[in-house]
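These notes are about the structure you will find just below.
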Amino acid sequence: MMNIFTWDVLSGVLRTMIALSTPFLFAALGETFSQLSGVVNLGVDGIMLLAGFFAFYAVFLTGNVWLGLLLAMLVGLVMGLMMSFVSVTLKAQQGISGIGLQMFGLGMSSLLFKVLVGTVTSVTGFRPVKIPLLGDIPFIGSILFNNNVLVYSAFLLVPLSWWVLEKTTLGLKIKAVGQNPAAADSVGINVNRIRYFSVCLGAVLAGVAGASLSISIANLFQDNLTSGQGFIAVALVYFGGWSPVGVLGGALLFSLANSAQLWLQVLGINVPASLAVMLPYVLTIVVLTVAVNRGKQPAALNKQFFRGEN
Amino acid sequence: MKVMIQHVEMKGIVKRFPGVLACDKVDFDLKAGEVHALLGENGAGKSTLMKILYGMYQIDDGSIVIDGTERHFHSPADALDAGIGMIHQHFMLVPTMTVAQNVALGQPSSRGFLLDLDVVSERICELSAEYGLKVNPNDLVGHLSVGEQQRVEIIKALYRGASIIILDEPTAVLTPQEVDDLFIILKKMVKEGHGLVFISHKLHEVTALCNRITVLRDGKMMGTRSAEGVERHDLIKMMVGRDLKTLQHRDYNPGPARLEVRGLHVTGDRGVESVRGIDLTVHSGEILGIAGVSGNGQLELAESLIGVRKVDSGSILLNGTDITNLKLNERIDQGVAIIPEERMLDGAINDFSVQENVFLHDHMEKSFRKGIFLDFKTMAAHARELVREFTVKTPTLDTPIKNLSGGNIQKLIMARELARKPSVLVAAQPTRGVDIGASEYIHQRLLMQRDSGTAILLSSEDLDELYELSDRIAVIYEGQIMGIFERKDTDIQTLGLLMAGIKPGDPPKPEKVIAACED
Ligand SMILES: Nc1ncnc2c1ncn2[C@@H]1O[C@H](COP(=O)(O)OP(=O)(O)O)[C@@H](O)[C@H]1O
Ligand SMILES: [Mg+2]
C-alpha cells in the first residue's frame with residue numbers, strides 16, 4: 001500500500017475541498033437569506049440542476065463562460081419567482097412547493113440535455129486566476145490563491161452576507177420578517193416583498209451554485225449532476241445555525257469529506273466506492289441529528305403569513 | 001417631532017366582518033392632552049374600532065377627521081406618518097433582537113441603507129429619560145419582562161413621532177405594581193400633550209386614569225361619560241346591558257383535606273424546572289387561589305395535577321391516596337375535574353357537536369350504554385339537561401361547538417365537569433376571554449360547587465377575580481410559593497408585591513441602572 005500521507009496528497013485533498021465547497025457556499029448562503037426571511041426552499045437542488053444545464057449549454061454553444069453564468073442566474077431568478085409566487089403569494093406549503101421545484105428542475109434539465117446535447121461532452125469552464133504574490137506562497141498559495149473567479153466570489157460572499165445581515169436595514173428587515181412577520185407588518189414593512197426578495201436572491205445564488213458545478217468544477221453536464229448537493233446545502237443552513245460563518249464551516253467540512261472520498265478513489269485505496277460516496281450523506285444525517293441548534297431557527301420559518309384582516 | 005394632533009374624530013364608523021357587524025355607526029373623538037377610555041366586553045368591537053384608526057382595517061362607512069381634515073389610512077404606515085401609534089394587545093416585537101433593533105425596524109436610517117443603531121440608541125435614551133421609561137437599548141427584547149416589553153412598545157410609538165397613542169388592553173398582562181408604573185408614564189405623556197386611547201374592560205383602571213369613557217356593546221356605542229363622578233354600576237349596565245349580581249361574602253368552614261401536594265418538582269417545556277418544590281393542601285369546601293404573573297409555573301402545576309405533565313419528584317394525594325403516577329383518565333375516574341387553560345385546545349373538540357363534547361370522557365359510563373352500544377337517547381337527555389341547567393346558548397345539541405361563543409363553550413365544559421360531582425376541581429383561568437355576563441355565571445357556579453364540598457384549585461391572572469372568589473390565596477413566583485394567606489388577612493397590594501417576587505419587609509429593589517444610557 002502506498003503512503004497517502006504526503007504533502008502532495010494533502011495539498012490535493014485541500015485544493016479539491018476548496019473547489020468543491022463553491023456550490024455549497026453559493027447555495028447555502030442563498031438559502032440562509034431565504035430561510036431567515038421565513039421561507040424554506042427545498043427546490044435548491046432543482047434550481048442548481050436547471051441553471052447548471054443552461055450554463056453548460058451556453059458555454060457548449062458559444063464558449064463564453066460569462067454568458068453561461070448570466071443565464072444560470074436568470075434561470076435561478078425565474079425559479080425563485082416561481083417558488084415565491086406559490087409559497088408567498090398563494091401561501092402553499094413551502095415543503096411541497098420546494099419539492100415540486102426540485103422535480104421540475106431535475107426533469108427539465110434531463111429532458112433538455114437529452115434533446116439538445118445528447119451525450120456527455122466536456123467544455124472549457126472558468127480558468128484559474130493566480131493572485132500575484134499570494135499565489136506564490138508555498139503550499140497555501142496553490143490551495144487558496146490559484147482558483148477561478150467563482151471560487152473567490154463564493155468565499156467573499158461569506159463576509160458580504162454577514163455584513164448585509166448585521167449592518168444594513170435590509171438585513172434587519174429580512175430577519176424581522178422571519179422571526180415575527182406580524183411585528184414587521186405592523187411597522188410598515190412589506191412582508192411579502194421582503195420574502196420575494198430573499199427567496200429570489202437565494203435562488204439566483206443557487207443558480208450560480210449550479211453553474212459552478214457545470215462550468216467550473218465538472219465542466220460537463222449529465223443527468224442529476226448535483227446528486228443531491230442542493231439538499232445538503234439546505235441542511236448546511238441548519239448546521240450553520242442560520243449564520244454565514246456557520247455555513248462556511250459546514251461547507252468546508254462537507255467538502256472535505258467529499259474531497260477525501262474522491263482522493264481515496266483516485267489513489268485506488270481499497271474502500272468500496274459506494275461506501276466512500278455515502279460518506280458526505282451519512283455525515284449530513286449525523287450532523288443534523290447531533291449538532292443543530294434549533295434555538296436559532298427563525299420563529300416563523302415555514303409559516304405562511306396572513307394579515308389580521310381576512 | 002411632528003406637529004401634535006389636536007383633535008381626532010371618528011364619525012359613524014361601520015365595519016363588517018363576514019357574519020359580524022363589528023362596529024355599527026360608532027362615533028368617537030379624542031383630544032390632545034386627554035385619556036379617553038374605550039370600555040366594553042370581549043367582542044364589543046373596541047380593537048376593531050382602533051385598528052381602523054390605525055389603518056389596519058378599512059371602514060365600510062363613516063369618516064375619520066383629524067384637525068378638521070378628512071383622512072384615509074390604507075396601512076399602519078399611513079397612520080404612523082400622520083402621528084397615530086398603536087400598542088397592540090399582543091406585542092409586536094421581535095424577541096431575538098435588541099431594543100434598539102426593534103425600534104429601528106422599518107424606520108429610515110440616517111445613514112441610508114446602513115443601520116444607525118448608535119443614533120437610535122441615543123434617541124431611545126433621551127425618550128427614556130423624558131418619559132421615565134427605563135429602557136436599555138442594548139437589552140435583548142426576549143429577555144425583558146412583560147412590563148418592560150410594553151415600555152419598548154411605547155418607545156417605538158414615541159420614536160416614530162406618534163402624538164396619538166392607542167393602548168389596547170395594556171394592563172391585561174401586568175402585575176398591579178406594573179400597572180401603577182404604567183399609569184405614571186401615561187400621565188406624563190398626557191402632560192406632554194399626547195392624546196391617549198385606553199382600551200380596557202376593568203372599571204377601576206378606567207376611572208383611575210381616564211378623562212372620558214366611551215362604552216361599546218356588540219359593536220354599538222352606548223354613550224360617552226366624563227370619568228368624574230361616574231357611577232360604576234352605570235358603566236356596568238352600559239357594558240353588559242343589565243346589573244350584575246354582587247358576590248356575597250361567605251362563611252369559610254373548610255372540611256378535610258382533599259388534594260395534597262408534597263414537595264412537587266416539575267420540568268417545563270423549555271427543559272427548565274418550572275415548579276420548584278411546592279407544598280399545597282386544598283380542603284373540601286374551599287377555593288384555593290393561585291395568584292401569579294403568567295409563566296411562573298402555575299400552568300405546569302395545573303398540568304401535573306391533572307396528569308398531563310410528568311412529575312420529577314414529590315407526590316400528589318387525592319383523599320389520602322397517592323395519585324402521582326396515575327394518568328389523566330384514571331384521575332378523572334378518581335374524582336378530579338378539569339377546566340383547562342386553553343379551552344379550545346384542551347377542553348373541547350371544536351368540530352364535535354355540543355352533545356359529543358359532553359361525552360368526551362363519560363361515553364364509557366354504564367348509564368349511557370346499552371350493552372356495547374351507546375344509548376343516544378339517554379345521552380341526548382343528559383346533554384339537554386346540562387345545556388338547560390348551565391344556560392348554554394346553542395341552537396341545537398348537534399351544533400359544532402366552534403360556532404359557540406367563548407363564554408358558552410366554557411359554560412359547557414363546566415357543565416360537563418361538574419356533572420360528575422368531582423371531589424377536586426382544577427380550574428385554570430376559567431374566565432379568560434369570557435365576557436362579563438358568562439364570567440359572572442361561572443363565578444357563581446364555582447361558589448356553588450365549593451359550598452357543595454368540592455375542593456377547588458383556581459388559578460387566574462386576574463387578581464381581582466382571584467381575590468373575590470378565593471378563601472385562601474397562594475402566590476406563586478418562579479415556581480415557588482411565596483406565601484399562602486386567608487383572604488381576610490391580605491389585600492391586593494400585598495399579593496401584587498409578592499407576585500413580583502418582593503416579600504414584605506424586603507428592601508425595595510434597587511433601581512435598574514441603564515448603563516447604555518449613561519455618559
Ligand atoms: N379579522 C376579523 N375577522 C372576522 N371577524 C373579526 C375580526 N376581528 C374581529 N372580528 C369580530 O368582530 C367583533 C369585535 O371584535 P374585537 O374588535 O376584537 O372586540 P374587542 O376588542 O372589543 O374584544 C367580534 O365579534 C370578532 O369576532
Ligand atoms: Mg380586543
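Throughout, read-outs are computed from the coordinates displayed, never taken from laboratory work. Note that the structure is predicted; figures quoted are calculated from it, not measured. Quick reminder, even Gly has a Cβ in these numbers, built from the backbone with ideal geometry, and neighbours come from all protein chains shown.
Here is how the numbers come out for the structure above:
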item: Contour excess over end-to-end distance, with Cα ends at residue B:362 and residue B:31 and 0.36 nm allotted per residue; result: 113.4 nm
item: Shielding score for A:181-192, defined as the mean number of other chain Cβ atoms within 10 Å; result: 6
item: Net charge dipole size for the protein assembly as shown [Lys, Arg +1 and Asp, Glu -1 on Cβ; Debye, nearest 20]; result: 1780
item: Length-normalised contact order of segment B:7-240 in % [C-alpha pairs under 8 Å, at least 6 apart]; result: 29
item: Charge-dipole axis of segment A:1-147 as Lys and Arg at +1 and Asp and Glu at -1 on Cβ define it, positive-most pick from A:117, A:22, A:43; result: A:117
item: Stokes-Einstein translational diffusion, segment B:410-512 - Kirkwood Rh over all Cα pairs, 0.692 mPa s, 37 °C, in µm²/s; result: 217
item: Sorted by Cβ neighbour density within 10 Å, fewest at the top, the residues B:23, B:210, A:200; result: A:200, B:210, B:23
item: Calculated FRET value between residue B:349 and residue B:327, using beta carbons and R₀ = 22 Å, to 0.05; result: 0.70
item: Percent of beta bridges antiparallel (DSSP, the protein assembly as shown, rounded to nearest 5); result: 60
item: Centre separation in Å (Cα based) which lies between segment B:62-127 and segment A:135-206; result: 26
item: Simple label model, 7 Å out from Cα along Cβ direction - residue A:289 to residue B:65, nm; result: 7.1
item: Two-site FRET efficiency, residue B:279 against residue B:492, from Cβ-Cβ distance with R₀ of 30 Å, rounded to 0.05; result: 0.80
item: The protein assembly as shown: Cys lacking any partner C-beta under 4.7 angstrom; result: A:200, B:23, B:210
item: Contact order relative to length of chain A, as percent, for alpha carbon pairs under 8 angstrom and 6 or more apart; result: 36
item: Once the Cα gyration tensor of segment B:7-240 is diagonalised, semi-axes √(5λ) in Å; result: 30, 21, 16
item: Rounded FRET efficiency, nearest 0.05, which uses the C-beta distance separating residue B:381 from residue B:269 and R0 of 41 Å; result: 0.50
item: For chain A, alpha-carbon Rg relative to the globular expectation (2.2 N^0.38 Å, N residues); result: 1.01
item: Partner lysines for residue B:245 [C-alpha distance under 23 Å; skip if fewer than 8 residues away on the same chain]; result: B:202, B:237, B:393, B:411, B:488
item: Dipole in debye (nearest 20) - segment B:7-240, about Cα centre, beta carbon charges: Lys, Arg +1; Asp, Glu -1; result: 360
item: Antiparallel bridges, percent of DSSP beta bridges restricted to chain B (to nearest 5); result: 60
item: Equivalent ellipsoid dimensions for chain B as semi-axes, Å, which come from the Cα gyration tensor, largest first; result: 43, 29, 21
item: Amide H contacts of residue A:300 (H built 1.01 Å from N, under 5 Å, at least 5 apart or other chain); result: A:179
item: For segment A:241-255, Karplus couplings with θ = phi - 60° (6.51, -1.76, 1.60), whole Hz, Gly/Pro x; result: x, 6, 10, x, 5, x, 4, 4, x, x, 4, 5, 4, 6, 5
item: Projected area, mean over directions - the protein assembly as shown, Cα convex hull, nm²; result: 45.1
item: DSSP bridge pairs, segment B:371-519: antiparallel proportion in percent, nearest 5; result: 55
item: Segment B:137-153 versus segment B:265-333: alpha-carbon centroid distance in Å; result: 31
item: In sequence order, calculated HN-Hα J values of segment B:201-213 (Karplus, 6.51, -1.76, 1.60; Hz; x Gly/Pro); result: 10, 9, 4, 5, 5, 4, 6, 6, 10, 9, 8, 10, 10
item: Distance between segment B:396-410 and segment B:432-449 - C-alpha centres, whole angstrom; result: 16
item: Chain B, relative contact order [Cα under 8 Å, separation at least 6], %; result: 15
item: Order of A:212, B:439, B:405 under a 10 Å beta carbon neighbour criterion, fewest first; result: B:405, B:439, A:212
item: Ratio of Rg to Rh over segment B:1-141 (Cα coordinates, Kirkwood Rh, two decimals); result: 1.02
item: Exposure proxy order (Cβ contacts within 10 Å, fewest to most) of B:158, B:144; result: B:144, B:158
item: Residue among B:26, B:83, B:100 farthest towards the positive dipole end of segment B:7-240, charges placed on Cβ; result: B:26
